[in-house]
């Protein structure tokens, strides 16, 4: 082609495809890159959710089953649980507005708990022995009594004496026996309900605390040896764990009885002071001398709603007649503390029992019963007040009393709900026998 042909050049130019603005910017490669990165991001998100640990489910203290009763096992447990939960964040003060120069003595090494690892693998196995995970020292896991084991009962560096007792049979302590009333000695269901158990406990007390009357029920083979009753509010299943029968016993409708023979440190007049969730009753020298908790063991009375009758501010002839079956005498004096809000609200506080006299050098059998009826939470504290002794007081006038105890060991200093402040310099009673049989 020698001459210029405009049609030729126009035709050739039209055959070349036009390039879009997106392709001019490198959009093709960018699209591929975006798709590849989106796929990688999706894979990464799936992988992350697979390796992130699931949130631990919070323990539910509610029992899986239960019988009837008044006002009913479920409603009763719910009420106790709600009352406790509303006071868990109360100020943890041993004695509000009180100053003191004393220091807490070190626990008696001879009373330290031995071989607690045998108590179980969930909580008690680590916590009671002093190890624990979380904020404490050790390697245990779960929610037991160790310092770092969540809502446990540890103190110091994780050391803790089992509040239900020690394993050492040579300990200078009361002998504790655990009964599960929901099953007989052959593990057959007894059909026990909270209402029936109240009647069982009442008849047991009326019958002179005859141990043979409980032999038809399942009895834990493990005995525990306790020097005091001071159990801040905890899950009721810790008792079966402590007695080594949690695999066979559901944490409700159980009874634990501690027996022994004691001698007072001095002659004088004393009163037991305390509260129990659900039952805390004491028989001393063959006579009932204390009974205060959600249920009165000696009368079977369900206490919430009747505090006014107990303290004399309300009249109810029927309830007064029931209370007369117990050792408590109306009007009953109550002591309230910052760390016992649950008992303050539901039970009036810690109740003061009737006065009894002792002579130094004499021996006195003592029996202490604690029980959990509907399940859920439990606790107990048994203090002692000597007539004529002046005690330090809280800002509301309640005396700071010593714990009734048989050794020099003391509970952790950290205040918890259901743990009244105590005088660490109080008298120590002496154990002279473990049978609990009257010998004077």
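The values are calculated or read from the model by the stated rules, or taken from the named source; none is laboratory data. Bear in mind that the values here come from a model prediction, so they are computed numbers and not experimental data. Methodologically, a virtual Cβ is constructed for each residue, glycine included, from the backbone with ideal geometry; neighbour enumeration extends over all protein chains shown.
Summary table below
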{"item": "Check on residue 288, in a strand (DSSP E or B) and either over 24 Å from the mean Cα position of the chain (by Cα) or not assigned by TED's automatic domain parsing to the domain that holds residue 393 (or both)", "result": "yes"}
{"item": "Selected residue (only one of 353, 297 is under 19 Å from residue 418 (Cβ atoms) and in contact with a helix residue (DSSP H, G or I) (Cβ under 8 Å, 6 or more places away or on another chain))", "result": "297"}
{"item": "Test: residue in region 404-420 that is free of Cβ contacts under 8 Å to residues at least 60 places away in the same chain, in contact with a strand residue (DSSP E or B) (Cβ under 9 Å, 6 or more places away or on another chain), assigned by TED's automatic domain parsing to the domain that holds residue 229 and in a loop (DSSP other than H, G, I, E, B)", "result": "no"}
{"item": "Qualifying strands (runs of 3 or more DSSP E) (wholly inside region 308-401; at least 2 residues being farther than 17 Å from residue 288 by Cα and either at pLDDT below 95 or within 27 Å of the chain's Cα centre (by Cα) (or both))", "result": "377-386"}
{"item": "Residue 254 being on the phi > 0 side of the Ramachandran plot and touching a residue at least 40 places away in the same chain (Cβ under 8 Å)", "result": "no"}
{"item": "Selection status of residue 188, under 18 Å from the mean Cα position of the chain (by Cα) and either assigned by TED's automatic domain parsing to the domain that holds residue 372 or in contact (Cβ under 8 Å) with a residue 12 or more places away in the chain (or both)", "result": "no"}
{"item": "Failed item, numbered, when residue 185 is tested on (1) at pLDDT 95 or above; (2) touching a strand residue (DSSP E or B) at 6+ places or on another chain (Cβ under 9 Å); (3) more than 23 Å from residue 226 (Cβ to Cβ)", "result": "(1)"}
{"item": "Residues satisfying the stated conditions in region 209-224, i.e. touching a residue at least 60 places away in the same chain (Cβ under 8 Å) and either out of contact with any helix residue (DSSP H, G or I) (no Cβ under 9 Å at 6 or more places or on another chain) or surrounded by fewer than 16 Cβ atoms within 10 Å (Cβ to Cβ) (or both)", "result": "209"}
